[in-house]
2 protein chains.
Amino acid sequence: MSPMSPSIKDVAVHAGVSVGTVSNVLNHPERVAEPTRAAVQSAIAALGFVRNSSAAQLRAGTSRSIGLIVLDLANPFFHDVARGVEQVADELGYAVVLCNSDDQTSRENRYLQVLEEQRVRGVLITPIEVSSDRLDALRKRGTPTVLVDRHDPRVNCCSVAVDDVVGGELAGAHLVTQGHERIVYFSGPLGLSQCADRLTGLRRSVAAAGLDPDAAIEVVEIPVMNARSTHDVARARFEQGEPATAAFCANDLMALGVLRAALSTGRRVPGDLAIVGYDDIEFAADAAVPLTSIRQPTQQIGRAAAQLLVEECDNPDTHAHQQVMFKPELVTRDSTQP
Amino acid sequence: MSPMSPSIKDVAVHAGVSVGTVSNVLNHPERVAEPTRAAVQSAIAALGFVRNSSAAQLRAGTSRSIGLIVLDLANPFFHDVARGVEQVADELGYAVVLCNSDDQTSRENRYLQVLEEQRVRGVLITPIEVSSDRLDALRKRGTPTVLVDRHDPRVNCCSVAVDDVVGGELAGAHLVTQGHERIVYFSGPLGLSQCADRLTGLRRSVAAAGLDPDAAIEVVEIPVMNARSTHDVARARFEQGEPATAAFCANDLMALGVLRAALSTGRRVPGDLAIVGYDDIEFAADAAVPLTSIRQPTQQIGRAAAQLLVEECDNPDTHAHQQVMFKPELVTRDSTQP
DNA sequence: ACTCGTGAATGAAACGTTTCACGATCTCCA
DNA sequence: TGGAGATCGTGAAACGTTTCATTCACGAGT
C-alpha cells in the first residue's frame, strides 16, 4: 500500500548521477552544473522524492528548529506571543515546534523530553515553576533557554517579561482615583512572581493614596487562571455579599469570569463592582461590559524572546544573558467608568 | 560549551555492556536482567543521556506522530478541536505536531512539507482548499489523511464534519419564527462548502416559512473570517443604514465583530438587530450581548478525527474511508430575545 | 557425562542523509 | 605541448539508533 518512499539513492540512479550530487542539488544547488541539476530535479519530481529529515538531521548533527512551550493556548495572550515568536523565527530561518503544557507539569515535562530528543537548538518556555530541575538540566546540557513572561531570580538565562509591579500600580492607582477603598484581587497562585508582583504594585498604589493596604485589599487566590474557575469562586463570594467595590483580576479570562458572576448575581458593573482585567485580549473590548485592562505588548514579548534565543543559539560563546522588561499600559473602558 | 551529548555507545561503555543491551533497556526492558538494567539506568543518569530521536526514527523507519494543521488557532473553535485530537492521540500513544496555517496557503504548504519530511504517520487537516494537488500527492504517497470540519465531495479520504445545512436551517428557522423577514448573512468565502451549506439551510428554512429567499436574504461575503474584518465591513454597511433586522454570521468571531459594529453605530441588539453566531465559543456567552449561536460538538470533532486517522494508520489495508457527520444545536441567548 | 533448552548479552548490519578528500575533464595561456 | 587552475562529480565514511542472528553460560533431564 505505502510503497517505501524513494530515497536519495533512487533519485541518483534515476538521474544517472551519484548520491552526493543529489544531495548537493538539495543543499548547495550552486555547486552543480545546470544540466545535471535539471536532470536531478526532474528525477525528484518523477519519483515524488521527499527528503527524510531524520536522516538529514542525524548526519548534520544539528537542527534548525526551536521549541516553544506555552502555559495555555486557550488564552489569547499566549496565542499572540506565539505569533510573535513565529514571525521572528521565520525571518531567521528557524522552525518553531509549538507545545501547550496546559498548566500541567506532566505535560511540560513530556514536551521538554520530546524537544530534547529532537535536539532542538533552543527552547522558549513559560514554565509552570521558574526553577525546575529539568530546566536546569536542559541548560546544563547546553541547550539555550529563554523564559517568556517570567523572570529568573538567579539570572542564569535570558528572559522577557513585563513589569508586573507597574501593572499592579496602574490598576490600583486607577481604582483608587475613582474612590474605591475596598478592592478584591482575584489572583493566580501567589507562587507565580507575576501574581505576587501585581499584588505588590497594587498595595503600593493603595498605600500611596494614604490607605492601609491590609485593610483595603483582599486577596483571593485561584489555582487555575481561567474563566470557569474564577467564575465559580467569585459567584460563591458574591452570593454571600461582596464587601469590595472593585475587583482586580490577574488576567482577562478571570475578569470575564468575575464579570459573569457579578451580572448573574444581580450586580451592576461598574456601578456595584468595578472590574480591571489584565492582558487586554481582543475579547476584553467585546465583553458584556467592555473591560478596563492592563495591556501588555504581547507580540513584542514573543518577538524579543525569539530574538534573544536565536542570538544565543548562534553565538553561544560570546552570548551574555539579558533580562528584557517591557512596560504595561492602562486601557480604560466601561467596566471602570465612574 | 555544549559538549556533544553522550550517545548510547558512551552509556554502554560506562555501564560495561554492549550498545544492543542499552537499546534493549530503553525499548524492551523486560528482555534484560535486573542487575544489568540497573547498571545501565545509572549510567544513563550519570551521563545525562537523552535518546536521539532522529537516529531512532531513521532506523525504525516509522514515527509515532501525527500532524494537525488547523486554519486559525486564534479561533477557540480550533483550539477545542486540537484538544480533542490530543486527548485521543495521547490515549493511543501518538504524539501530535500542531501547526497553524493561519489561512495562508504558503504556510499550509510549508507545514505539509515539514510533516512529510518528518515522516509523520498521518495528517489531520482543515485545508484552505478541500481539493489540493498537495493533499492528493500526500495521499498518493501513502500518508493517511483526515479532513477536519470539511468534507470531500469525491469521497477519497475520511472526514469529520458537522451538518452545516442543518445549522443554517436552525438559525433561519429561529429568526423567521421571531418574525424577521430581512436577514443578512455574513458569510466566509462561499467557496467553502461550510459557508455555502449554511446558506442553503438558511434559504431552506426561510422558504419553508413561505418567504422568498432571494428577497429575504442578503449575502455578504467576507474573505477573512475574523472579528476585525467583519466589524469593518459591517460598520460600513450600518453607517449607510442596514435594511435587515437580523444577522446570521458564519462564526462567533464574526458575530462579535457585527455586534461591536452594531452597538457602536447606535443600534440596540436584539431590538434593532438580532444576531446569530456559529460555533458557540466560550466567549459568546460573555459578549456585550450574549450571543445566540449554533453549537458544534467541538472536542468530539477532534476526537473522532483522531480516531479515524489512527484507525487508518494501524490498518491501512482493511481500512474503509468514512464520513462522520455530527448534528449542530441551537443555543439561544439575549442577542435574539424578542 | 551428555545433550537440550532457556534466558541473557553480543556485535554487526542497516536506515538515508551530508560531508569531504579525491578524481576527472576542460580551459587557458606560456 | 604541457601544466596550472577551474569546475563538476564521485564514492565512502560517518551520524546514533534498532534489530536480529548468534554466542554464551548454566541448570535440568536422561
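The values are calculated or read from the model by the stated rules, or taken from the named source; none is laboratory data. Remember, it's a predicted structure, so these values are computed and weren't measured experimentally. Please note: Cβ atoms are built from the backbone with ideal geometry, for glycine as well, and neighbour counts cover all protein chains shown. Side chains included, ligands, DNA and RNA excluded: accessible areas come from the protein's heavy atoms. Shrake-Rupley method; radii C 1.70, N 1.55, O 1.52, S 1.80 Å.
Quick notes on this structure:
- Ranking B:R110, B:R260 from most to least accessible surface, computed with a 1.4 Å probe over the protein chains only, gives B:R110, B:R260.
- Shielding of peptide A:254-263 by partners, expressed as the average count of other chain Cβ atoms within 10 Å per residue Cβ, is 1.
- Distance between modelled label sites at A:E221 and B:E34, nm, 7 Å Cα→Cβ extension: 4.3 nm
- By accessible area, using a 1.4 Å probe on protein heavy atoms only, the range B:219-338 has 47% of its surface on carbon and sulfur.
- Reach of A:K327 by Cα under 19 Å, taken over lysines that are not fewer than 8 positions away in the same chain: none
- B:T105 contributes about 80 Å² of solvent-accessible surface, heavy atoms of the protein only, 1.4 Å probe.
- Accessible area per residue in Å² at 1.4 Å probe, computed on the range A:75-171: 35 Å²
- Other protein chain C-beta atoms within 10 Å of residue C-beta, averaged over A:52-65: 5.
- Value of [θ]222 nm, deg cm²/dmol, for chain B, DSSP H segments ≥ 4, -39500 (n - 2.57) each, nearest 500: -14000 deg cm²/dmol
- Rounded to the nearest 20, the Cβ-based charge dipole of the protein assembly as shown about its Cα centre (Lys and Arg +1, Asp and Glu -1) stands at 1580 debye.
- Per-residue mean of foreign Cβ neighbours for A:284-293 is 4 (Cβ atoms of other chains, 10 Å radius).
- Each of B:P290, B:Q87, B:N109 was scored by the projection of its Cα onto the charge dipole of the protein assembly as shown, and the greatest displacement toward the positive side belongs to B:N109; charges sit on the C-beta of Lys, Arg, Asp and Glu.
- Label distances, nm, A:E239 versus same residue in remaining copies, Cβ-directed 7 Å point: 4.7
- With all protein chains kept in place, the per residue accessible area of the range A:8-60 amounts to 57 square angstrom at a probe of 1.4 angstrom.
- Exam field: A:P316 pseudo-label spacings to other copies (7 Å along Cα-Cβ), nanometres: 3.7
- For the protein assembly as shown: rounded, prolate or oblate by the Cα gyration tensor [a/c cutoff 1.5]: oblate
- Across the identical copies, how the A:R110 labels are spaced - nm, sorted shortest first, 7 Å along Cα→Cβ: 2.8
- Amide proton proximity set for A:G188, modelled H, under 5 Å, gap of 5+: A:I222, A:A250
- When A:L26, B:L98, B:L135 are compared by accessible area of protein heavy atoms, the largest-first order is A:L26, B:L98, B:L135, using a 1.4 Å probe.
- Using a Gaussian network model of chain B in which every pair of alpha carbons under 10 angstrom is joined by a spring, one finds that among B:H14, B:H321, B:H151 the greatest mean-square fluctuation is at B:H14.
- Accessible area (Å², 1.4 Å probe, nearest 10) - A:H180: 30 Å²
- The range B:8-60: C-alpha gyration tensor shape, a/c 1.5 cut-off, then a/b vs b/c: oblate
- Dipole magnitude of chain B about its Cα centre (Cβ charges: Lys, Arg +1; Asp, Glu -1), debye to nearest 20: 900 debye
- Residues of the range B:113-152 that bury at least 30 Å² of accessible area once all protein chains are present, compared with their chain alone (1.4 Å probe, heavy atoms only, ligands and nucleic acids left out), are B:E117, B:R119, B:R141.
- In range of the label at A:N27: residues from the range B:103-118 whose backbone nitrogen is under 20 Å from the point 7 Å along Cα→Cβ: B:114-118
- Percent accessible area from carbon and sulfur atoms, the range A:8-60, protein chains only, probe 1.4 Å: 54 percent
- Of all lysines in the structure, those lying under 26 Å Cα to Cα from A:K9, and not within fewer than 8 positions of it along the same chain, are B:K140.
- Sites B:R228 and B:D272, calculated FRET efficiency, Cβ-Cβ separation with R0 25 Å, nearest 0.05: 0.65
- Sorting A:191-198, B:311-318, B:286-293 by average packing, meaning the other beta carbons within 10 Å per residue, from highest down gives B:286-293, A:191-198, B:311-318.
- Residue with peak Gaussian network fluctuation, chain A [Cα springs, cutoff 10 Å], from A:A33, A:A320, A:A209: A:A33
- Percentage relative contact order, chain B, counting C-alpha pairs under 8 Å, at least six apart: 17 percent
- A:K9 accessible area, 1.4 Å probe, all protein chains in place, Å² to nearest 10: 130 Å²
- In this structure the amide hydrogen of A:G122, modeled in the peptide plane, comes within under 5 Å of the amide hydrogens of A:G67, none closer than 5 places in sequence on its chain.
- Accessible surface ranking that places the most exposed of B:V219, B:V324, B:V13 first, with a 1.4 angstrom probe: B:V13, B:V219, B:V324
- Separation in nanometres of the label points that stand 7 Å from Cα toward Cβ, at A:A137 and B:A209: 6.3 nm
- Chains B and A together bury roughly 4000 Å² of accessible surface, counting both sides and using a 1.4 Å probe on protein heavy atoms.
- Site pair B:D317 and A:Q87 shows an inter-label distance of 5.2 nm when each label is modelled 7 Å from Cα along Cα→Cβ.
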